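Student: Below is one structure. I have some questions about it.
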Amino acid sequence: MPTRIEGGSYYTYLSEGCKLCRRGAKLVLFVTGMCPNSCYYCPISEERKGKDITFANEREIHKKEDLIEEINLMSAEGASITGGEPLFVFEKTLRFAKILKELDLHIHLYTSMPAKERILEKISKYIDEIRFHPVKNLEMYNEPVKIAKNFGLEVGIEIPAIKFDRKLAEFVNKYELFMNLNELEFSATNQEELFKRGFEVKEHFGAKGSDKIAKMYLDVVEKFHYCTVLFKDKAQLRRRFIRMAMNYPDFYMVTNDGTVICGCVECSISDFKKLIKILKNNNVKNYEIFRNNNFVEVEFSAEVAEKLSEILKAEGFRVSVVERYPIARRIIVEKIPL
């Protein structure tokens, strides 16, 4: 019998990378949006698809320090290297894998390429798991799987729930691999193609029929894990947000969803010193400053915002209580003017 977990997911086997993901402790390193394949079910956003750009979670990465800052923000214990196709930009992927391994993180890599021995030999020094997504002739993955195992990597197959493939199930068991089956997910970039092929969407943007396909694999695959869209949203992502939020200064209030609530004043650069003077005169020592091109945002506790709102408004400042995600982009969920 499988072990059932959050959001309708279940497993008979969880790799270390999946365990970290479940705890929200895994950083997602989207190393590139470039890929030699054109899978109709690919859910990658227009912002990233086909572009050689790099993100650590929601933070765009331009230098090593950006990556380290994101790792520290979420107290990451592991990282997944994904894309696009990471091995399509192999030297770049190798460089990032070295950085992650220097920080003693558990690392797993996704690839659709039946990688050659020289590639696997180089990357195996810096990763712990490799997950193949066979989009070509399955036989092309015989040697890469055996070679990866010989280099000491834990090897798995990770695919979306498009259909049940008995040959793939036999392949997984033959080489003693694990299988991660992801619920097929509708997105803005793949929905037209999915609808065209007869797939139907259900709540949380999963595809109807994924659960049935998962049951068919469960019946025959020895090491199996079914991961739903709801699990990724309500468990994995939420827990990552909470890890991030708990690393914020104490004056931020952390919600059960992992968002943070605080007071906020947005002002011009010329008025910034006046704002800070008001805060200091009222013995407010704990605040965060975020500088943008033409303005500054200062965040402090929601309690301080309510206490000083009349004083600050009298000086021409706009005061709000905001709820936002604790990510680099600081996306606001709700803003309540005071």
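Student: List the helices (runs of 4 or more DSSP H) inside region 227-338, counting only whole elements, that have at least 3 residues being at pLDDT below 95 and outside the structural domain of Phe205 (by TED's automatic domain parsing).
Tutor: 272-281, 302-314
Student: A follow-up question, please. Does any residue in region 151-170 that is in contact (Cβ under 8 Å) with a residue 24 or more places away in the chain come within less than 8 Å, Cβ to Cβ, of a residue that is acidic (Asp, Glu) and assigned to a strand (DSSP E or B) six or more places away or on a different chain, and which pairs are these?
Tutor: From region 151-170, the pairs are Leu153/Glu129; Glu154/Glu129; Val155/Glu129; Gly156/Glu129; Pro160/Glu185.
Residue-by-condition table, conditions (1) surrounded by 15 or more Cβ atoms within 10 Å (Cβ to Cβ); (2) touching a residue at least 24 places away in the same chain (Cβ under 8 Å):
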| site | (1), (2) |
| --- | --- |
| Ser15 | yes, yes |
| Cys21 | yes, yes |
| Cys42 | yes, yes |
| Ile53 | yes, no |
| Asp66 | yes, no |
| Lys98 | no, yes |
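Student: Just the residues that are among the β-branched types (Val, Ile, Thr) and surrounded by fewer than 20 Cβ atoms within 10 Å (Cβ to Cβ), please, taken from region 243-260.
Tutor: Val254, Thr255 - these are the residues of region 243-260 that are among the β-branched types (Val, Ile, Thr) and surrounded by fewer than 20 Cβ atoms within 10 Å (Cβ to Cβ).
Student: Related question: Going residue by residue through region 111-121, is there one that turns out to be without any contact (Cβ under 8 Å) to a residue 40 or more places away in the chain, under 22 Å from Glu16 (Cα atoms), in the same structural domain as Phe88 (by TED's automatic domain parsing) and in contact with a strand residue (DSSP E or B) (Cβ under 7 Å, 6 or more places away or on another chain)?
Tutor: Within region 111-121 (the criterion being without any contact (Cβ under 8 Å) to a residue 40 or more places away in the chain, under 22 Å from Glu16 (Cα atoms), in the same structural domain as Phe88 (by TED's automatic domain parsing) and in contact with a strand residue (DSSP E or B) (Cβ under 7 Å, 6 or more places away or on another chain)), the answer is yes, since at least one residue qualifies.
Student: Which of the residues that make up region 195-216 are within 21 Å of Leu168 (Cα to Cα) and in contact with a Lys or Arg (Cβ under 7 Å, 6 or more places away or on another chain)?
Tutor: Ile213
Student: If Phe171 meets every condition in (1) of a type outside the set (Val, Ile, Thr); (2) surrounded by 19 or more Cβ atoms within 10 Å (Cβ to Cβ); (3) over 25 Å from Cys42 (Cβ atoms) apart from one, which number is that one?
Tutor: (3)
Student: Taking region 170-200 only, how many residues are within 27 Å of the chain's Cα centre (by Cα) and closer than 24 Å to Cys21 by Cβ?
Tutor: Count: 15.
Student: Being surrounded by fewer than 20 Cβ atoms within 10 Å (Cβ to Cβ) and of a type in the set (Val, Ile, Thr) is the requirement here; does Ile213 meet it?
Tutor: No.
The values are calculated or read from the model by the stated rules, or taken from the named source; none is laboratory data. Nothing here was measured: the structure is a model prediction, and the numbers come from that model. With ideal geometry, Cβ positions are generated from the backbone for all residues, glycine too; neighbour counts draw on all protein chains shown.
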